[in-house]
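Encoded as structure tokens, the structure appears first; notes follow it.
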Amino acid sequence: MKRISAENIYSEIMLLSDTERDKLYDRMKKEFYKSADIVAYTIDGKALTFDQYRKRVHAGVEQCMRGESVGLEDLSKDLGYNYADL
């Protein structure tokens, strides 16, 4: 019987294809983070469940894909930071 260790698990995961690895990570996340678990907080302190957090991330990605985003340089100007210092 093969001894289970972190190295064994890692080496087995690395043998998976990218698609298989993504599916594994998705299953692991679902197991670790139940949909009702609080996993993040908004800047104003509102608790977000895993499902709420995922929806916000997907909404942000979609905004970026539609070009509804601000570049780091413009954001730095708006916030009063020197872009070169970031």
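Derivation of every value follows stated rules applied to the coordinates shown; laboratory data play no part. Small disclaimer: the values here were computed from a predicted structure and weren't measured. FYI the Cβ positions are ideal-geometry reconstructions off the backbone, even for glycines, and counts take in every protein chain you see.
Using the crude model of +1 on Lys and Arg Cβ and -1 on Asp and Glu Cβ, and no other charge, please compute the dipole size for the chain relative to its Cα centre, in debye to 20.
On the way: 14 positive and 16 negative charges, 108 e Å.
So the magnitude is around 520 debye.
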Gained length - L15 relative to K55, 0.36 nm times residue gap less alpha-carbon distance:
11.3 nm
Under 5 Å, built H, 5+ apart or other chain: amide partners of A40
L48
Could you work out the helix-only [θ] at 222 nm for the chain, with each DSSP H run of four or more residues adding -39,500 (n - 2.57) and the total divided by the number of residues, to the nearest 500 deg cm²/dmol?
-17500 deg cm²/dmol
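Working from the alpha-carbon coordinates of the chain, get Rg over Rh, Rh being the Kirkwood radius.
1.15
Among 45-52, 20-27, 8-15, how do they line up from the highest to the lowest mean number of other beta-carbon atoms within 10 Å?
45-52, 20-27, 8-15
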How much FRET efficiency would the formula 1/(1 + (r/R0)^6) give for L48 and S76, where r is the Cβ-Cβ distance and R0 is 30 Å, rounded to 0.05?
0.65
Out of S76, F50, Q63, whose Cα points farthest toward the positive end of the dipole of region 34-86 (charges: +1 Lys, Arg; -1 Asp, Glu; placed on Cβ)?
F50
Along Cα→Cβ, 7 Å out, is where each label goes; now give me the distance between the ones at R3 and E62 in nm to one decimal.
5.1 nm
Lysine pair number, Cα distance threshold 24 Å (strictly under), the chain, separation 8 or more or different chains
9
